[in-house]
Amino acid sequence: MPVIDSLAVGFPRFAAFLAAGVDEIDSCQRGLDDAALDELENSLDLRLPAAYRFFLRCAREVVVGDTLQMTSSHPFIHSSTMVTLPTQGMLCVADYWLEADGDAVFIDIREHPQGDPPLLYYAHAQRRTRVIADSFTEWVEGLPQELSSVTREARR
């Protein structure tokens, strides 16, 4: 699968996980070209962090069950006029229902606008964030272990 092959360059453990469980993948779509990435950045009015930009060049969409959804609706700048949230102004890169439906993963682009920034997990029930990985790459490479444990729990 070409998408998995391109992911293997920067995210080898994640690519191997996808290749081994290809039947468990709901969606895995090819990445964006430079023109589409530029258009996305223009629409967001920011330059995406390099590690995340590289991921999007490899894969535009990866969906694994109900747990991980990195779709064409991502990324977006989180904003709310209804309530003040700790994720206000952050870049949402995925819905990640590790603890509950409605949780998500963010990059605080105000603090870490470039490179390979830390990832924050937003637990919506508690309205709090916590660091889930020291970098985007670390988070993606840790997904096989996380997703495998969630899958094992769901089977019980």
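The values are calculated or read from the model by the stated rules, or taken from the named source; none is laboratory data. Predicted, not measured: the structure shown is a model, and the values here were computed from it. Note that each Cβ is placed from the backbone with ideal geometry, even for glycine, and that neighbours are counted across all protein chains shown. SASA here: full protein model, heavy atoms, side chains in, ligands and nucleic acids out. Shrake-Rupley method; radii C 1.70, N 1.55, O 1.52, S 1.80 Å.
Scan segment 55-63 and tell me whether some residue there is among the β-branched types (Val, Ile, Thr) and assigned to a loop (DSSP other than H, G, I, E, B).
no
From the residues in segment 9-31 that are in contact with a Cys (Cβ under 9 Å, 6 or more places away or on another chain) and of a type in the set (Gly, Ala, Ser), which one is surrounded by the most Cβ atoms within 10 Å (Cβ to Cβ)?
Within segment 9-31, the match that is surrounded by the most Cβ atoms within 10 Å (Cβ to Cβ) is Ala15.
Among the listed residues Leu44, Leu56, Leu91, identify the single one that is within 15 Å of the chain's Cα centre (by Cα) and either closer than 22 Å to His124 by Cα or surrounded by fewer than 19 Cβ atoms within 10 Å (Cβ to Cβ) (or both).
Leu91
Restricting to segment 99-121, name every residue that is over 11 Å from the mean Cα position of the chain (by Cα), over 23 Å from Asn42 (Cβ atoms) and crowded, with 16+ Cβ neighbours inside 10 Å.
Asp103, Pro118
Can you go through Tyr122, Tyr96 and tell me which one is in contact (Cβ under 8 Å) with a residue 12 or more places away in the chain, in contact with a Lys or Arg (Cβ under 9 Å, 6 or more places away or on another chain) and not basic (Lys, Arg)?
The unique qualifying residue is Tyr122.
Restricting attention to segment 1-57, and to residues there that are of a type in the set (Gly, Ala, Ser), touching a strand residue (DSSP E or B) at 6+ places or on another chain (Cβ under 9 Å) and within 20 Å of Trp139 (Cβ to Cβ), which single residue is modelled with the lowest pLDDT?
Looking at the filtered set, the residue picked out is Gly21.
Report, ordered by the first and then the second residue, all pairs with beta carbons closer than 6 Å, sequence separation of six or more or different chains, a first member in segment 55-83 that is within 20 Å of Leu18 (Cβ to Cβ), and a second member that is surrounded by fewer than 12 Cβ atoms within 10 Å (Cβ to Cβ).
Glu61/Ser72
Cβ-Cβ below 9 Å, separation at least six or inter-chain, first residue in segment 21-34 and among the basic types (Lys, Arg), second open to solvent by less than 20 Å² (accessible area, probe 1.4 Å): which pairs?
Arg30/Val3; Arg30/Cys58; Arg30/Ala59
Pairs only if they're at least six apart or on different chains, beta carbon under 7 angstrom, first in segment 6-20 and in contact (Cβ under 8 Å) with a residue 40 or more places away in the chain, second among the acidic types (Asp, Glu) and open to solvent by less than 40 Å² (accessible area, probe 1.4 Å); list them, first residue then second.
Phe11/Glu141; Arg13/Glu141; Phe14/Glu141
Can you list the helices (runs of 4 or more DSSP H) found entirely within segment 1-53 that contain at least 3 residues being more than 20 Å from Pro117 (Cα to Cα) and of a type in the set (Val, Ile, Thr)?
Answer list for segment 1-53: none.
Just to check your reading of the model, which residue among Thr81, Thr87, Thr137, Thr129 is touching a His at 6+ places or on another chain (Cβ under 8 Å) and among the hydroxyl-bearing types (Ser, Thr, Tyr)?
Thr87
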